[in-house]
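**Q** Structure provided below as structure tokens; questions to follow.
Where a number appears in this text, it was derived from the coordinates with a stated rule and is not lab data. Keep in mind that this is a model prediction, so the values were computed, not measured. Methodologically, a virtual Cβ is constructed for each residue, glycine included, from the backbone with ideal geometry; neighbour enumeration extends over all protein chains shown.
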Amino acid sequence: MQFEDISDSEPGCSSMEEENVLVDSMPEDDPNGNVNVQMGAAVPRWGPQHAGARELAGMYSREKRLQERFSIGASSILFTFVIFRLISTWSSDNWKSVPIAAFLGILTADFASGLVHWGADTFGSAETFIGRNFIRPFREHHVDPTAITRHDFIECNGDNFLLCIPNLAHILYQHFTYTREEIHEWAFIHWYLLLLGVYVAMTNQVC
Ligand SMILES: [Zn+2]
């Protein structure tokens with residue numbers, strides 16, 4: 001009752017004009033032909049049924065799946081070893097520095113994930129080899145925003161685990177080649193990289 005009173009008193013909100021807006025509007029261009037021919041028809045234009053989304057989802061290959069499995073496996077093993085090494089070389093100084101490393105790691109992961117997302121949204125194409133494997137998921141979520149919620153753990157997190165492998169491997173390499181003093185000096189950076197890796201690995205799961 002109250003709502004009707006408000007809309008009557010405000011020009012531009014009458015149902016007559018709303019109708020005109022719908023009739024006079026042009027459908028948005030969509031190269032995939034997902035256009036509501038009847039304007040105002042409540043057919044969702046984006047989602048799993050979107051032709052582009054289907055095409056992108058169809059490009060998820062067995063090889064890509066294998067790479068994701070390998071990445072999660074290798075990365076998990078490296079994470080375990082690095083955590084074990086860093087805890088076994090823990091010194092009392094770390095009580096002060098590790099919380100700072102943890103905080104900087106969160107900031108870095110937040111900024112870097114945004115930057116990577118923007119880069120993959122902006123540059124390249126899903127048609128190239130790199131694009132098929134690494135840009136495709138970013139393009140998929142634009143035409144099917146909830147696709148990620150239907151992906152399993154491996155598809156969701158495989159590439160993030162892959163990103164952690166070089167740093168984790170490098171930390172282990174340093175631990176096996178450095179002296180005790182050098183390892184002690186590097187502790188802050190190692191904890192920072194480890195915690196950054198944990199946040200990066202979790203980014204898709206929690207966002
Ligand atoms: Zn995006």
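**Q** Run through the stretch 167-198 and list the chymotrypsin sites (Phe, Trp or Tyr not before Pro) located in a DSSP loop whose Cβ has at most 13 other Cβ atoms within 10 Å.
**A** Here the sparse-neighbourhood loop sites are Tyr178.
**Q** Which whole-number percent gives the relative contact order of the stretch 51-206, counting Cα pairs below 8 Å spaced six or more residues apart?
**A** 43
**Q** Enumerate the calculated ³J(HN,Hα) couplings along the stretch 109-114 in order (Karplus 6.51 cos²θ - 1.76 cosθ + 1.60, θ = phi - 60°), each rounded to whole Hz, writing x wherever the residue is Gly or Pro.
**A** Rounded to whole hertz, the list is 5, 5, 5, 5, 5, x.
**Q** When only alpha-carbon atoms are used, what values of Rg and Dmax, in angstrom, describe the stretch 109-185?
**A** Looking at the stretch 109-185, its Cα Rg and Dmax stand at 17.1, 53 Å.
**Q** Quick one: 3J(HN,Hα) in Hz for the stretch 117-123, Karplus 6.51/-1.76/1.60 with θ = phi - 60°, rounded, Gly and Pro as x.
**A** 4, 4, x, 6, 6, 9, 10
**Q** From the phi of every residue in the stretch 147-161, what ³J(HN,Hα) in whole Hz does the Karplus formula 6.51 cos²θ - 1.76 cosθ + 1.60 yield, where θ is phi - 60° and glycine or proline is x?
**A** So the J values, rounded to whole Hz, are 3, 4, 6, 9, 7, 7, 4, 5, 5, 5, 10, x, 5, 5, 5.
**Q** Right, another one. Between the stretch 191-207 and the stretch 92-132, how many Å separate their Cα centres?
**A** Using only Cα atoms, the two centres lie 8 Å from each other.
**Q** If we count every other residue with Cβ under 13 angstrom of Ile165's Cβ, Lys/Arg +1 and Asp/Glu -1, where does the sum land?
**A** Once positives and negatives cancel, what remains is -2.
**Q** Could you calculate the FRET efficiency of Ile189 with His117 from 1/(1 + (r/R0)^6), where r is the beta carbon distance between them and R0 is 25 Å, rounded to 0.05?
**A** 0.45
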